[in-house]
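Note sheet for the following structure.
The values are calculated or read from the model by the stated rules, or taken from the named source; none is laboratory data. None of the values given here were measured: they were computed from a predicted structure. For neighbour counting, all protein chains shown are included, and Cβ atoms are generated from backbone atoms with ideal geometry for every residue, glycine included. The accessibility values were calculated without ligands, DNA or RNA, using every heavy atom of the protein model including side chains. Shrake-Rupley method; radii C 1.70, N 1.55, O 1.52, S 1.80 Å.
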Amino acid sequence: MEITEKDVAHTTSKLRFDDIKKGKVLSVKWEPKLNYAWDNGPALGRYLAELKNGRIIAKKCDKCHRTMLPPRMFCELCWRPTGRWVYVRDTGIVNTWVVSYVDWKAGRLNIEGGVRPFTPAIIEIDGTSKGMGILHLLDEVDPWKISRGMKVKAVWKPVKERIGAITDIKYFKPVK
Amino acid sequence: MTKRVAIVGIGTTGFRATTPDVSYRELTYEAATKAYVDAGIEPKDVDSFVSTAEDFFEGYSIADEYSPDQLGAVLKPIYTVPGDFIQSLASAYMMILSGIGDISVVQGLSKASNMLSLSEMTTFAMDPIYNRPLKESPHAVAGMEMARFMHESGATREQCAKVVVKNKRNALDNPLAGHGVLIDSDYVLNSEVISFPLTQMDISPHSDGAVVVVLAEEKTAKTLSDKPIWIRGIGWCSDTPGLETRNWGEAIYAQMAAEMSYKMAGIRHPRSEIDFAEINDEFSYKELQHLEAMRICRKKEAGPLTETGGTEITGEFPVNPSGGCLGVGNLYELNGGHKVLEVVRQLRGEAGKNQLKDITTGLAQGWRGVPTATGAVAILSN
Ligand SMILES: [Zn+2]
C-alpha cells in the first residue's frame, strides 16, 4: 500500500510527505505476502455450513448445560467434549453496541455527508446460554435509538449469495 | 537447596504433513487431554500455563490470546513465548522454582500446512533495510551457513546426506513421525539443488501437530508419576540478529545454551555424561554443526562420527533416534517440543522399536530456524 499524505500527517516525526514522494529520504516498500488456509475443524466447519443454509447451530455441554455459540468440540470450563448439536433462533437481544464514526482503518466516516455510522453489536442469540452469541452489525435502525436488550433478528443474504461465512448474515435489525 | 522439577505428563497428536480434519483448537485439545491423563491431573490442578506461538505462523496478530480455551487455561495464569518450545519450558520451570505453584504446563503447536506463503513469511523476518531489499530466499541463508560450516569443519555433503538417510530411516519405526522413508545418500546428493550446497532433501519438510507437557515440583511429581523425568539443566541463548556479523560456522547460540544447561546439571563431559540427544536438524548440516557446538563432538568430528554410524540408534552416541525434523517434520516453534517429547519417551522406556538401552540422561535442543540465531537446550534424566 502506498504511504499517503494523511499517514505522514499522523506521525509526530519531522518527516514531510514531500520528502518521501520526491525520494529525499530512503523509503522501503514491502508488501508482505501472508496467505493462510486455516483448517476449520468440525465445530467451525459445521457452523459455517449451517450459515450457508440460513441457520445458526450451537453445541451443548452436558455438564454445565450451556448451549454454546459459536459451537465448539469441547467445553473450555468443564474440560470435556461437548454433546448435542442444537439449532438456535436467528433472533436475539443486544448486549452492548457502539455508534462508530470511524472505520476499521481508523478513517473518519463522512457522517456530515450523510454516511450512517457503523453500529457493531454483541447479540445474545435466543436459545443459547446467557452471554453467548454473535458479534455482528445492526442496521435498519436509527443508531441513536438502539438500546440495551433490544430484540433483533438476522437479515440473511439471498441463498445464492451465501458462501458459508459470518457475512451470510447481512446484519441484524430490530423486531417487535 | 534448589527445588527439583520433573516432567510428569506428555501428550501429543503425532506429526503429519497435513491435518485437514481439525483446527488448531482440536489439535491442542487432544494433546492437552492426553498430557493431563498421563499426569493424572485436571486443568484445575495446574497453577500456571505457558504457550508457544509466533503471530505470523498462526496468522493472527496477538495470537497468544487464542491459547487458553483448548488448554483448559481459561481464567488461569497464562502467557505466551514467541520462541522455541524449550524457551517456554524454561519459563514454566522457573514458575515452579519461583514458588508460583507446584504444577505448570507448556504447550506448542504447528499448523505449518496452513501457511501458504512460508518462504515470504521467513523473508519478512529479515532486516528491512540491510537485507530484504536484496530479496534473498531463506534457503539462501541456510545454504550460506552450510557452506561456511563445511569449510570450517571439513564436513562433506556426503556426511550431511548421511544425516538425512539416518533420520528418515529412524522415522520409519516411529509411529509419531510423518516423513519416514528409506533412501540412500545418492538420493539426497542428487536431489534438486535449492541453494548449493543445500539440496531439497537436506531440508526438513513441514509437519502439523501439538505437544503438551506437564511439569511438577519434586514432592508433587513423586505422587503423580512412577517415572518422573527430571529437568537437570536448561539454557537458552541468542546470537546477534545481524546476518553480516554473526558467526556463520559454529552455532555459538547452541554452544552457549548448552553450556548454560551443562553448568546447571553439573555436566563437564557431555559426550560421556549424556547418553543420547534429540537436536535440531531442520537442515541436514545443522545436526553436525549443533553436535560440535554443544561439545558432544570435538570440532571436525561430527561428520566422520556420522559417516561411521556413531550417531545411529545402535551407535555409540545416538542422535535423533526419533527421526528428527528431517523424519518427523519441521514443526517451527514446536520443534523443541518434539525433541523434549522424544527424550521423555526414551527415558521412560516408551520409544517402541527405537528404544535405546541403558540410558539415564538425554539432551533436547531447539533452534528457532532461519534467519534466527537463537537456541535452547534441556538436560533430562530419569
Ligand atoms: Zn461445560
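Annotation note: of A:A43, A:A58, the sole residue that is within 16 Å of the ligand (Cβ to nearest atom) and either open to solvent by 90 Å² or more (accessible area, probe 1.4 Å) or in a strand (DSSP E or B) (or both) is A:A58. Being within 14 Å of chain B (Cβ to nearest Cβ), at pLDDT 95 or above, under 26 Å from B:K76 (Cβ atoms) and within 16 Å of the ligand (Cβ to nearest atom) is a property that A:T82 has. Note on segment B:113-130: residues that are over 15 Å from B:S195 (Cβ atoms) and open to solvent by less than 20 Å² (accessible area, probe 1.4 Å) total 4.
The single condition from (1) over 18 Å from B:K339 (Cβ atoms); (2) at pLDDT 95 or above that B:E287 fails is (1). When A:T91 is tested against (1) in contact (Cβ under 8 Å) with a residue 12 or more places away in the chain; (2) β-branched (V, I, T); (3) under 29 Å from B:T122 (Cβ atoms), exactly one condition is not met: (3). Residues that are within 14 Å of chain B (Cβ to nearest Cβ) and either within 16 Å of the ligand (Cβ to nearest atom) or within 21 Å of A:P174 (Cβ to Cβ) (or both) do not occur anywhere in segment A:91-101.
Pick from segment B:301-345 the residues that are open to solvent by 20 Å² or more (accessible area, probe 1.4 Å) and over 20 Å from B:V165 (Cα atoms): which of them is modelled with the highest pLDDT? The selected residue is B:R345.
With respect to the conditions (1) open to solvent by 50 Å² or more (accessible area, probe 1.4 Å); (2) more than 23 Å from B:A376 (Cα to Cα); (3) outside any loop (DSSP other than H, G, I, E, B); (4) of a type in the set (D, E, K, R), B:E26 lacks only one, and its number is (1). Answer with yes or no whether A:G107 is at positive phi, away from the ligand (no atom under 16 Å from the Cβ) and modelled with pLDDT under 95. It is false that A:G107 is at positive phi, away from the ligand (no atom under 16 Å from the Cβ) and modelled with pLDDT under 95.
Looking at segment A:68-75, can you tell me whether even one residue there is within 16 Å of the ligand (Cβ to nearest atom), within 14 Å of another protein chain (Cβ to nearest Cβ) and farther than 30 Å from A:K151 by Cβ? So far as segment A:68-75 goes, yes, one or more of its residues are within 16 Å of the ligand (Cβ to nearest atom), within 14 Å of another protein chain (Cβ to nearest Cβ) and farther than 30 Å from A:K151 by Cβ.
Select from segment B:174-205 the residues that are in a helix (DSSP H, G or I), within 16 Å of B:T156 (Cα to Cα) and not aliphatic (A, V, I, L, M) and list them in ascending order. Before the answer, list the steps.
Applying the first criterion (in a helix (DSSP H, G or I)) to segment B:174-205 yields B:185-189, B:200-202.
Add one more test, that the residue is within 16 Å of B:T156 (Cα to Cα), and what stays is B:185-189, B:201-202.
Result: B:S185, B:D186, B:Y187, B:D202.
Take segment B:42-61 and flag every residue that is in a loop (DSSP other than H, G, I, E, B) and either within 11 Å of chain A (Cβ to nearest Cβ) or touching a helix residue (DSSP H, G or I) at 6+ places or on another chain (Cβ under 7 Å) (or both). Steps first, please.
Start the filter on segment B:42-61 by keeping residues that are in a loop (DSSP other than H, G, I, E, B), which leaves B:42, B:46-47, B:53-54, B:59-61.
Answer for segment B:42-61, where residues must be in a loop (DSSP other than H, G, I, E, B) and either within 11 Å of chain A (Cβ to nearest Cβ) or touching a helix residue (DSSP H, G or I) at 6+ places or on another chain (Cβ under 7 Å) (or both): B:E42, B:V46, B:A53, B:E54, B:G59, B:Y60, B:S61.
Does at least one position in segment B:20-32 carry a residue that is within 24 Å of B:G349 (Cα to Cα) and more than 14 Å from chain A (Cβ to nearest Cβ)? Looking for residues that are within 24 Å of B:G349 (Cα to Cα) and more than 14 Å from chain A (Cβ to nearest Cβ), one finds none in segment B:20-32, hence no.
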